[in-house]
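Data first, discussion second: the structure below is written as structure tokens.
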Amino acid sequence: MDFTFLSQTMITLLKAVPMTLALFSASIFFGLFLALLIVWMRVGGNPVLSAIAKGYVFVFRGSPLLIQMFLVFYGLGQFGFIRYSFLWPFLREPFVCAVLSLALCTAGYTAEIFRGGIRAISPREIEAARSIGMSGFVLVRRILAPIAFRHALPAYSTEIVLMMKSTALASLVTVWEVTGVAQRLISQTYRTMEVFLCAALIYLVLNFIILQGMTLLEYSLSRHRRATPAALKA
Amino acid sequence: MATMELIGFGSTGWGALLLLGAATTLAVTATALAIGALLGTIVAGAKLSGNWLLSAMGSLYTTVFRGVPELLIIYLIYFGGSSAMTAIGTAMGYEGFLGLPSFAAGALAVGIISGAYQAEVFRGAYLAISKGELEAASAIGMHRGLRFRRIIMPQVLRFAIPGLGNVWQLSLKDSALVSVTGLAELMRTSQVAAGSTRQYFLFFIIGGALYLILTSLSDRVFNGAERRTNRSMPAAAMGQA
Amino acid sequence: MPGQTRLSVRNIRKSFGTHEVLRGISLDAQDGDVISLLGASGSGKSTFLRCINLLETATSGEIWVDGEEIHMVHKNGRSRPASQKQVDHIRSELGMVFQQFNLWSHMTILQNVIEGPVHVLKRPRAECISEAEALLEKVGIADKRHAYPAHLSGGQQQRAAIARALAMKPKVMLFDEPTSALDPELVGEVLRVMRALAEEGMTMLVVTHEMSFARNVSNRVIFMRQGLVESRGAPDAMFGGGASKAFRQFIGDFGSGQ
Amino acid sequence: MPGQTRLSVRNIRKSFGTHEVLRGISLDAQDGDVISLLGASGSGKSTFLRCINLLETATSGEIWVDGEEIHMVHKNGRSRPASQKQVDHIRSELGMVFQQFNLWSHMTILQNVIEGPVHVLKRPRAECISEAEALLEKVGIADKRHAYPAHLSGGQQQRAAIARALAMKPKVMLFDEPTSALDPELVGEVLRVMRALAEEGMTMLVVTHEMSFARNVSNRVIFMRQGLVESRGAPDAMFGGGASKAFRQFIGDFGSGQ
Amino acid sequence: KDWKTATITLEGAYAPWNLTNADGSLGGFEPELAKILCERAKIECSLVASDWDGMIPALNAGKFDVIMDALSITEERKKIIDFTVPYAATPAAFATAKDSPLANAAGTGSTITMTPGQSGVKEIEALKEAFKDKTIGIQAATVYAKFVYDNFGSIAEIREYKTGADRDLDLQSGRIDLGFDDAVYFNNAFQAANGALAFTGPEIAGSIWGEGEGLGLRKADTDLRDKFNEAIKSALADGTVKNLSMKWFKVDVSPQK
Ligand SMILES: Nc1ncnc2c1ncn2[C@@H]1O[C@H](COP(=O)(O)OP(=O)(O)OP(=O)(O)O)[C@@H](O)[C@H]1O
Ligand SMILES: Nc1ncnc2c1ncn2[C@@H]1O[C@H](COP(=O)(O)OP(=O)(O)OP(=O)(O)O)[C@@H](O)[C@H]1O
Ligand SMILES: [Mg+2]
Ligand SMILES: [Mg+2]
């Protein structure tokens, strides 16, 4: 084992971590909003909106992110009307495009995950809410969302971890995050395994922290299912 | 016109190669899903077992294989696997190189990853089963295995189908990374076609469309399964006012 | 105030697939009316209550709450309420206690009870909490207010469900077997609570198997059979032997015994 | 045959956290014994039944079924059964009807009923089906045999749960409020079924709020209060006024009225 | 080991060096050259396509014996694998949109020669003046990338792409102003861009780009390397490489020495 090489590699890669985190948090943030909008369209009962949401999920969940990102970044620039529109100053920026395509993609997945969570809610509890006059937003906020979120949490933490790894594709559009830097190092040094192991370690640590956080969240949100209520213990 | 020729099935058309790529992708993904189902069941069982050692091992598996970039796992299995096999071969007196075939290495790698995701899906589905129904099964003396087969499995499948649909999608796309093993699946075929003809947008769009076709086929399968398992659920509580 | 019609149902029908569960049921309830709904298992009692607050949409028929008709639209052979707003408003005036309790599993008992007042009626939280505690006291589970539903006994859950419905201070209450999981002592107590509510003028529709309640607390009895009203009348008349043969057979011992 | 001890419970205790729900309960039941378990809501009746068939593990105490002791191991202050095999075997001889029914939601009613006989007792399927149909006929829901639990009324679900437990032909039956969702006519019928079972020699432990059952069908009554047996005795003695003050208050009207 | 057979890998998607035909067969400059080299070395070769990313590890893992994929001979790579003598060496140049104000910068059409580490070349100084504050796109981790960083890093914004093709698309859409790469590669790219792109400034040749492109082999296989060295030398000497080069690149890429 060549420790000087490993430590140098590690330092180089660590410098790219802030970029990875920036891509990650921005795309999770916007993706979540978009996903909520899509779920709302999907289950809201309006057939037109529901069909649009279905189509969205189909396209963004069904095709590889690599292709989506390529088309968003390189494809949009091929159209004159976009190049000369007010959007171009934004779309010109690689970071914006990377976040845009990451968020568009995760929104499709997240929407499906939350829809699954909603399906798992006991119909009886929904009825009880309707019977006191809850509907629309209040019903969602007070009953559906908390229960659905709790059900969806394991799948959603998976999706978040996936997003962390998906940021790796951003080097395709000249945003150099951890994986991109690792690949660049590899094409300079050809020590594939060592460099990749360092990168893997970084992702593993980042994801481990996220998963641990999600597990804690899951635990604190499932007090009602634990055998003995904490209140009775102490 | 030139476009139609490029994606057609004539001597200058890429149609046949792209379809072959799609079929390879489908085969890799399906094999991986089967491997993953087996691993996922075992790992989910370990995590739910209540035995701390087993559940720690299960957690380790899901954390590592979800947390480490897929590409690396594919590398490890493809290159690491053949180094190991070559070493064993040499020890047994065989001269030269022994390798996992690309397809086997790719499907195994994607399967191991998919196993981590399926484990989480199964675990979530298990937790969604009504406790009362499990108690009712214990109360008539169903032993573990029977309870698993008769009560847990059917309900886990019911709750897991949407999640499995997601895992299928993931594996479909992870299979695109298998191209580093030299397997000509859909993604690599699209890239080769794009690079050889310099028609990048055309072939990426065609590639994307073929992925969507694969998705819609698999969606049909999963939706059908979902509908069938939903017969026993009360009429849609969500749909109406 | 007395004599004002709170709830009026006209010729409600409901089918599940080809199975017609309700075959034309009508009913009027004034302020302070306590109506017992009796009937064999599967005769459609729960379905009838669920139709009134629109958890099921009746295949046909009219429903008026507090003088206001619930508007329905009919399309492709299915009907649904015209305005969600109206439905929400009406539901907040109709309390419901479910046969299976349907408590929200992710909330403690106290949270279950204040949920409606705080988030639907938008009343101040502190006020709702003190009212809720009084209600829980009344039904005898104040000590369980921070427990989750899964940790309660059947009877405790049922009482929590009653408290949750009462916290909304509805004008009309729909009870689906509100004492099924209770012991005789508690039954007596819950019935006392209900009697007091009736005296305060609350209108109540109660599905029950508790004949003593039907006889002693309610002022009208409706006996359902196979989706139709088989007979109806004042409790004394019904239990006094003046009712149909089917009803006499239904109440069995209870009719003859006393 | 008479006189053989089927079920014997010695000094069972059970705590949830610091809350001691059962504080030392003992019981012996012979062939054909029908024991009514009465008690206020929250007094620990369901918990007691659940401890007997080990759905909850008692904190301490001994349980003997059909002369066989259930072996327990104690480790780090927690106890659990020593042999899962023994537990499974014993459970197949102990029938249980749950307060919340707990039907398997992914199976039709008929499938629910034949599940145990076919897959636990490994009896021929055709035979089980015809027996199951006879049982469903007996409890009056034969027409619902191909429906799923979610599509049944409360009373129908409860009867399905009873049929499911009986299909196992257990030596001892544990009933948790088996008639709570039933109308008086059906209550009468279900009690008739239970009386017939008792005559065939089945041992039964019945949590009930149905005083007429306790008085007329059972041969022993146990009254629980705050996790202890407050009083026990023959029904005539208990209801005849010889019982404790707490019991007299508990049964209220029923005691005085008749 | 007695080399009767060998497996040669290439990407099959880097036209015109190597490409895949629609029927799945491999074509381009390198596959045709490979055939000739193997004949001369008396080795039966089989060509397999594989992914660029996994190529060098796969070579060392033993999946194939030779890499022939426009692989530049560099010091870093020499640490991991062995190279034959070069069979090609190409100049590099800037490209820009034909209608860009940067088109036809000073020296367009001429060729200058540079050595490693050389600075103060007057043509380059002129370009620095012209390209001030512009954005230059390069392919990451190439010798060209190092050159651009060294000479233009202080005056222009540099953006790194994973592939040259991606960079060309951005050059067309105007997201970047200039690209810098292998001139032979650009020649081919300009055709695909339908004449929207053009060279600007002089072509830069010489030892600054290293020795050129050679075959990559495992370090242990020196005998195989020697066989191919002989074959390459003879193919260079009798003009075979030049003919193939004119066919595929329209210019001669054989190393000048
Ligand atoms: N899982 C649990 N965790 C904590 N407390 C529990 C749990 N299950 C039951 N309890 C508490 O134990 C006590 C006894 O409950 P149990 O269900 O045995 O009562 P019960 O006698 O069956 O009452 P009911 O007639 O209302 O069904 C109750 O106070 C209840 O809150
Ligand atoms: N969602 C449903 N789908 C199909 N059939 C249903 C559904 N809900 C109820 N039914 C049927 O409608 C009939 C009436 O059910 P309902 O629940 O109204 O009876 P009930 O009078 O409340 O009986 P119980 O006293 O047993 O609760 C029953 O035969 C039941 O099987
Ligand atoms: Mg009902
Ligand atoms: Mg109970």
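The values are calculated or read from the model by the stated rules, or taken from the named source; none is laboratory data. All values reported here derive from a predicted model rather than from experimental measurement. Neighbour counts are summed over all protein chains in view; Cβ atoms, including those assigned to glycine, are modelled from backbone coordinates with ideal geometry. Ligands, DNA and RNA are excluded from the accessible area calculation, which covers all protein heavy atoms including side chains. Shrake-Rupley method; radii C 1.70, N 1.55, O 1.52, S 1.80 Å.
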*If you check A:L104, A:L66, which single one turns out to be part of a helix (DSSP H, G or I), open to solvent by less than 50 Å² (accessible area, probe 1.4 Å) and within 14 Å of chain E (Cβ to nearest Cβ)?*
A:L66
*Are any residues in the range D:2-26 on the phi > 0 side of the Ramachandran plot and out of contact with any Lys or Arg (no Cβ under 7 Å at 6 or more places or on another chain), and if so, which ones?*
D:G3, D:N11
*asked:* So for the range E:198-205 (the condition being within 21 Å of B:Q191 (Cα to Cα) and in contact with a helix residue (DSSP H, G or I) (Cβ under 7 Å, 6 or more places away or on another chain)), does at least one residue qualify?
replied: no
*asked:* Every residue in the range B:27-85 that is outside any helix (DSSP H, G or I) and within 14 Å of chain A (Cβ to nearest Cβ), please.
replied: B:G50, B:V68, B:P69
_Against the condition more than 9 Å from every other protein chain (Cβ to nearest Cβ) and assigned to a loop (DSSP other than H, G, I, E, B), how does D:K138 come out, does it pass?_
no
*Working only within the range A:183-197, note down all residues that are open to solvent by less than 30 Å² (accessible area, probe 1.4 Å) and more than 7 Å from every other protein chain (Cβ to nearest Cβ).*
A:L185, A:I186, A:V195
*Need at least 1 residues that are without any contact (Cβ under 8 Å) to a residue 60 or more places away in the chain per element, so show me which strands (runs of 3 or more DSSP E) inside the range E:1-118 make the cut, counting only ones lying wholly within it.*
E:5-10, E:18-20, E:44-49
*Looking only at residues in the range D:184-230 that are more than 16 Å from ligand 1 (Cβ to nearest atom) and among the hydroxyl-bearing types (S, T, Y), which one is modelled with the lowest pLDDT?*
D:S212
*Give the range D:93-117 a look and list any residue that's at the interface with another protein chain (Cβ under 7 Å from one of its Cβ atoms), within 16 Å of ligand 1 (Cβ to nearest atom) and among the aromatic types (F, W, Y), or say none.*
D:F98
*asked:* Can you pull out every residue in the range E:22-67 that is surrounded by fewer than 21 Cβ atoms within 10 Å (Cβ to Cβ), under 16 Å from E:W3 (Cα atoms) and more than 11 Å from chain B (Cβ to nearest Cβ)?
replied: E:K35, E:E39, E:R40, E:A41, E:K42, E:I43, E:E44, E:C45, E:S46, E:L47
*Can you name the condition, by its number, that D:H146 falls short on among (1) in contact with a strand residue (DSSP E or B) (Cβ under 8 Å, 6 or more places away or on another chain); (2) of a type outside the set (G, A, S); (3) more than 10 Å from ligand 2 (Cβ to nearest atom)?*
(1)
*For the subset of the range D:36-72 comprising residues that are among the polar types (S, T, N, Q) and touching a Pro at 6+ places or on another chain (Cβ under 8 Å), which member is nearest to ligand 4 (Cβ to nearest atom)?*
D:S36
*Out of C:I90, C:I129, sole residue that is without any contact (Cβ under 8 Å) to a residue 40 or more places away in the chain, open to solvent by less than 40 Å² (accessible area, probe 1.4 Å), farther than 14 Å from C:L166 by Cβ and away from chain D (no Cβ under 14 Å)*: C:I90
*Tell me the helices (runs of 4 or more DSSP H) entirely within the range E:141-230 that contain at least 2 residues that are over 21 Å from E:K250 (Cβ atoms).*
E:143-152, E:164-173
*Leading residue by the ranking (farthest from ligand 2 (Cβ to nearest atom)) among those in the range C:149-163 that are in contact with a Gly (Cβ under 7 Å, 6 or more places away or on another chain) and assigned to a helix (DSSP H, G or I)*: C:Q156
*Sort through C:L22, C:L27, C:L54, C:L37 and tell me the only one that's within 16 Å of ligand 3 (Cβ to nearest atom), open to solvent by less than 30 Å² (accessible area, probe 1.4 Å) and within 15 Å of the chain's Cα centre (by Cα).*
C:L37
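What residue, among those in the range C:71-86 that are of a type in the set (D, E, K, R) and more than 9 Å from every other protein chain (Cβ to nearest Cβ), is least open to solvent (accessible area, probe 1.4 Å)?
It comes out as C:K75.
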*Is there any pair with a first residue in the range C:97-116 that is at positive phi and a second that is within 16 Å of ligand 3 (Cβ to nearest atom) and aliphatic (A, V, I, L, M) whose Cβ atoms are under 6 Å apart and which are 6 or more apart or on different chains, and what are they?*
C:F101/C:A161; C:N102/A:A128
*Output yes when any residue across the range D:167-175 is aromatic (F, W, Y), more than 11 Å from chain C (Cβ to nearest Cβ), open to solvent by less than 10 Å² (accessible area, probe 1.4 Å) and not in a loop (DSSP other than H, G, I, E, B), and no when none is.*
yes
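Would you check which residues across the range A:69-95 are open to solvent by 40 Å² or more (accessible area, probe 1.4 Å), in a helix (DSSP H, G or I) and of a type outside the set (F, W, Y) and list them?
A:L71, A:L76, A:R83, A:P89
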*Go through (1) within 14 Å of chain D (Cβ to nearest Cβ); (2) hydroxyl-bearing (S, T, Y); (3) more than 27 Å from D:I251 (Cα to Cα); (4) crowded, with 20+ Cβ neighbours inside 10 Å one by one and return the number of the condition C:T203 breaks.*
(1)
*Among what's in the range C:141-160 and is within 15 Å of ligand 4 (Cβ to nearest atom) and among the aliphatic types (A, V, I, L, M), pick the residue that is farthest from the other protein chains (Cβ to nearest Cβ).*
C:A160
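This table checks each residue for (1) in contact with a Cys (Cβ under 9 Å, 6 or more places away or on another chain); (2) closer than 30 Å to E:D238 by Cα.
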{"site": "E:G62", "(1), (2)": "no, no"}
{"site": "E:V66", "(1), (2)": "yes, yes"}
{"site": "E:D69", "(1), (2)": "no, yes"}
{"site": "E:I73", "(1), (2)": "no, yes"}
{"site": "E:F83", "(1), (2)": "no, yes"}
{"site": "E:P91", "(1), (2)": "no, yes"}
{"site": "E:S100", "(1), (2)": "no, no"}
{"site": "E:T111", "(1), (2)": "no, yes"}
{"site": "E:T115", "(1), (2)": "no, yes"}
_For the structure I just gave you, tell me whether C:A181 is more than 22 Å from the chain's Cα centre (by Cα) and either at the interface with chain D (Cβ under 10 Å from one of its Cβ atoms) or more than 19 Å from A:M134 (Cα to Cα) (or both)._
no
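A quick yes/no check of all residues on (1) free of Cβ contacts under 8 Å to residues at least 40 places away in the same chain; (2) within 16 Å of ligand 1 (Cβ to nearest atom); (3) within 14 Å of chain D (Cβ to nearest Cβ); (4) within 18 Å of C:R80 (Cβ to Cβ):
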| site | (1), (2), (3), (4) |
| --- | --- |
| C:K14 | no, no, yes, yes |
| C:L27 | no, no, no, no |
| C:V34 | no, no, no, no |
| C:S43 | no, no, yes, no |
| C:L49 | no, no, yes, no |
| C:E69 | yes, no, no, yes |
*Given (1) open to solvent by less than 10 Å² (accessible area, probe 1.4 Å); (2) outside any strand (DSSP E or B), index of the condition C:G95 fails*: (2)
*Looking at A:I11, A:I52, which one is within 23 Å of the chain's Cα centre (by Cα) and β-branched (V, I, T)?*
A:I52
